[in-house]
Amino acid sequence: MADPGFDPDAYTKPFQLTKALHRDVYSAVDLTNPQLSAENKTVLITGGGGTLGKAVAKAWAAAHVYQVVLVGRRSGPLEQAEAEIRSINPAVKTSIETADTRNEAEVKALFEKLAKQEIKVDAVVDAAGAINTAVTGTLEPSMWFNDFEANVKAPYLLSHYMMATYGDQQGTIIVMASNAAALVVPGMSSYACSKLAVTRVLEFLQIEHPKMRFFALSPGNVASPLTNPGFLPFAKDTGALAGGWTLFLATQRADYMKGGFLNVNWDVDEMESHREVIEKEGLLKLGFIKAQLGPSGHPF
């Protein structure tokens with residue numbers, strides 16, 4: 001018998017910007033919505049063989065993307081993802097590129113290879129990452145900083161070399177962020193801090209390259225082989241929902257969200273109805289501390 005006090009949204013509700021809460025695709029981010037068509041576009045997806053990266057790739061395939069470039073460290077999972085993509089859309093062009101996006105030389109070589117093949121990337125979705133769950137002092141520092149290598153350095157390298165290759169006049173870069181950035185929980189320091197850091201880095205990239213489009217997107221709680229078993233009852237968000245959001249963020253309708261933190265559980269239409277307030281008050285941008293700083297000090 002189910003626990004009547006159990007709430008599968010317990011870890012989702014605290015992070016809601018909108019009253020409406022979604023855990024699966026709906027009309028505004030539906031993969032078959034004509035307004036989200038990815039026709040004639042090329043998307044590069046890191047972590048392309050993982051649960052989330054594969055779901056994002058399938059979403060773009062369903063939206064009639066022209067070409068998908070799958071990037072990962074191991075070819076086997078990428079080949080499996082490629083087969084699943086083609087089962088959805090046999091017409092989509094696919095390519096597999098093995099690279100460690102934490103390694104600058106490999107990221108540079110990746111974009112040089114794409115440019116040599118005359119492949120113009122329109123959007124990058126960074127669905128790769130790392131997570132350590134260990135209390136500080138119990139983990140080798142190099143392992144602690146691995147989360148920063150994967151979650152901060154890698155998306156920065158992808159952004160840098162995409163702009164170095166194609167210029168900074170257009171293009172969309174979406175980095176998978178996390179609600180963990182707002183939490184201070186024992187054992188989550190390297191992950192939470194790295195996700196907070198990359199969200200701020202994307203704000204800098206956006207203000208320094210205003211014609212580009214940078215987004216930090218929390219994919220919600222998606223069940224995967226890496227999910228803590230105790231957390232599985234709360235992992236009800238579908239990978240397709242994150243995929244639909246990446247398609248939406250690649251459209252001009254999302255321009256007012258540029259440089260911001262987004263969450264797949266939020267309602268796109270409700271946000272748009274409050275667009276003026278969101279922009280004016282910078283509701284998608286990071287704060288500093290809870291105190292109200294100013295010439296007169298905090299109003300104690």
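The angle separating the long axis of helix 104-116 from the principal Cα axis of greatest extent in the chain is about 40 degrees. Going by Cα centres, region 117-143 and region 55-111 are how many Å apart? What the calculation gives is 17 Å, centre to centre. The distance separating the Cα centre of region 218-233 from that of region 174-191 comes to 14 Å. Express the Stokes-Einstein translational diffusion coefficient of region 153-300 in µm² s⁻¹, to the nearest whole number, given a Kirkwood radius over alpha-carbon pairs, 37 °C and a viscosity of 0.692 mPa s. For these conditions, the coefficient is 195 µm²/s. Sequentially through region 261-267, phi angles give Karplus couplings (6.51, -1.76, 1.60; θ = phi - 60°) of 9, 10, 9, 4, 6, 6, 8 Hz, Gly and Pro residues having no value and appearing as x. Here the Karplus curve 6.51 cos²θ - 1.76 cosθ + 1.60, taken at θ = phi - 60°, turns the phi angles of region 287-300 into couplings of x, 10, 10, 6, 5, 8, 7, x, x, 9, x, 5, x, 4 Hz, with x standing for Gly and Pro. A simple charge model with +1 on the Cβ of Lys and Arg, -1 on the Cβ of Asp and Glu and nothing else charged puts the dipole of region 60-159 at about 220 debye relative to its Cα centre. Farthest towards the positive end of the charge dipole of region 137-242, among the residues T238, A180, S194, is the Cα of T238, using unit charges on the Cβ of Lys, Arg, Asp and Glu. Computed about the Cα centre, the dipole magnitude for region 134-281 is approximately 200 debye when only Lys and Arg (+1) and Asp and Glu (-1) carry charge, each at its Cβ.
Result for the chain in a Gaussian network model with C-alpha springs under 10 Å: among F248, F204, F215, the largest mean-square fluctuation is at F204. Once backbone amide H atoms are built at 1.01 Å from N, N132 has Y191 as its partners under 5 Å, excluding neighbours fewer than 5 places away on the same chain.
Here the Karplus curve 6.51 cos²θ - 1.76 cosθ + 1.60, taken at θ = phi - 60°, turns the phi angles of region 158-168 into couplings of 4, 5, 4, 7, 5, 5, 5, 7, 10, x, 10 Hz, with x standing for Gly and Pro. The helix-based estimate of mean residue ellipticity at 222 nm for the chain, built from -39,500 (n - 2.57) per DSSP H run of four or more residues and divided by its residue count, is -10500 deg cm²/dmol to the nearest 500.
For the chain, the longest principal axis of the C-alpha atoms and the axis of helix 75-88 are separated by about 80°.
When the chain is treated as a Gaussian network with alpha carbon springs shorter than 10 Å, the biggest mean-square fluctuation among L17, L202, L31 belongs to L17.
Relative to the longest principal axis of the Cα atoms of the chain, helix 51-62 runs at roughly 60 degrees. Normalised by the number of residues in region 114-236, the mean separation of alpha-carbon contacts (under 8 Å, six or more apart) gives a relative contact order of 29 percent. In this structure the amide hydrogen of F214, modeled in the peptide plane, comes within under 5 Å of the amide hydrogens of I173, G259, none closer than 5 places in sequence on its chain.
Pairs of lysine residues in region 1-139 that meet both criteria, 8 or more places apart or on different chains and Cα atoms under 29 Å apart, total 26. Of A180, A63, A105, the residue with the greatest mean-square motion in the GNM of the chain, using alpha carbon springs below 10 Å, is A105.
Once the Cα-Cα distance is subtracted from the 0.36 nm per residue extended length, the R253 to K280 segment shows a gain of 8.0 nm. Here the extension length gained between A291 and N103 equals 63.8 nm, from 0.36 nm per residue of separation less the Cα-Cα distance.
No lab work stands behind these numbers, since they all come straight from the coordinates. Note that the coordinates shown come from a computational prediction; the quantities given were computed from them, not determined experimentally. So basically every Cβ, Gly included, is an ideal-geometry build from the backbone, and we count neighbours across all protein chains shown.
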